[in-house]
Amino acid sequence: GKDIFNNKGFNYIRAGFSFSRSGRQAKQHIYPHWAQSLSAIYRHSVSDPAYRKFTANSAWYFPGISANHSFVVLASFQKRDSLPDIYSNTFSYSRGYDALSTRQMYKWGINYHLPLAYPDLGFGNILYCQRIRTNLFYDHTVARARLNAVLTDIKNRSAGAEVFFDNKLWNSLPLSFGVRYAYLLDRNLRDPSVKSRWEIVLPVGLIPN
């Protein structure tokens, strides 16, 4: 795109922290019964204009109805300047939507994880399938933006389900992937025709850069 966009470089300061606390977990538990995870990142450019962005994400784990069930509450917050967003997106947006990045956003969500089956099947010493599990979720995001010169709170809510396959590659490397269906309860601003969405969920490190 060198004939379309001008090269632009800038320097910025990045500061952050992360905290996690977890109890002991049995092998058949999807997540620990009691655990907390919190991370925050602040980025500020040292050149003009002063681009700045703060993002925080948290997860709170609780026991479910059955011994191997897990109830997880997610919460996120973002605040940044009103200039075009030049930083990578680390905000956990409502699933199924084309993510927005506005001057202020917050999100909360609930997840209920439970196992469906334990196939205990292997395929030629290549892939071993340990467990099939599902997650029922609800996400609620509010993004504050200026629409038609009016400061507006945009609500993006979704509900749906995920099915994950917990495997071991070469009988040693943990590998989980899944399928997600999300039903959009509000209008998707970037693609209003989308009312629901199917997605393939892959681990971050599966496909090399």
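The mean accessible area for residues of region 40-114, using a 1.4 Å probe and ignoring ligands and nucleic acids, is 45 Å² per residue. When only Cα pairs below 8 angstrom with a gap of at least 6 residues are kept, the chain shows a relative contact order of 13 percent. Each residue of region 64-209 gets 139 Å³ once the volume of the Cα convex hull is shared out per residue. By accessible area, using a 1.4 Å probe on protein heavy atoms only, region 13-132 has 60% of its surface on carbon and sulfur. For a modelled paramagnetic label at residue 125, 7 Å from Cα along Cα-to-Cβ, the residues of region 143-171 in reach, with backbone nitrogen under 14 Å, are 170-171.
Other residues within the sphere of radius under 15 Å centred on the Cβ of residue 137, judged by their own Cβ, net out at +3 (K and R +1, D and E -1). Of 162, 199, the order by accessible heavy-atom surface (1.4 Å probe, DNA, RNA and ligands excluded), from most exposed downward, is 199, 162. Compared with the direct C-alpha span, the chain from residue 73 to residue 163 gains 30.6 nm at full extension, assuming 0.36 nm per residue. The mean accessible area for residues of region 143-209, using a 1.4 Å probe and ignoring ligands and nucleic acids, is 67 Å² per residue.
In a DSSP loop and with at most 13 other Cβ atoms within 10 Å, the trypsin sites (Lys or Arg not before Pro) in region 5-107 are 8, 24, 27. I want to check the label-to-label distance for residue 183 and residue 136. Put each point 7 Å from Cα in the C-beta direction and report it in nm to one decimal. Computed distance between label sites residue 183 and residue 136 equals 1.2 nm.
Accessible surface for residue 62 stands near 70 Å², nearest 10, in the context of the full protein assembly shown (1.4 Å probe).
Computed over neighbours whose Cβ is under 9 Å from that of residue 44, the net charge equals +4, Lys and Arg +1, Asp and Glu -1. Extension gain, residue 46-residue 62: 0.36 nm per intervening residue step, less the Cα-Cα distance, totals 1.6 nm. Applying 0.36 nm per residue to the separation of residue 199 and residue 154 and subtracting their alpha-carbon distance, the gain on full extension is 13.9 nm. Restricting region 151-206 to trypsin sites (Lys or Arg not before Pro) that sit in a DSSP loop and have at most 15 other Cβ atoms within 10 Å of their own Cβ leaves 187, 190, 195.
The values are calculated or read from the model by the stated rules, or taken from the named source; none is laboratory data. On a predicted model such as this, the values are computed, not experimentally measured, just so you know. In this analysis, Cβ positions are derived from the backbone assuming ideal geometry, glycine residues included, and neighbour counts consider all displayed protein chains. Heavy atoms of the whole protein, side chains included, go into the accessibility calculation; ligands, DNA and RNA do not. Shrake-Rupley method; radii C 1.70, N 1.55, O 1.52, S 1.80 Å.
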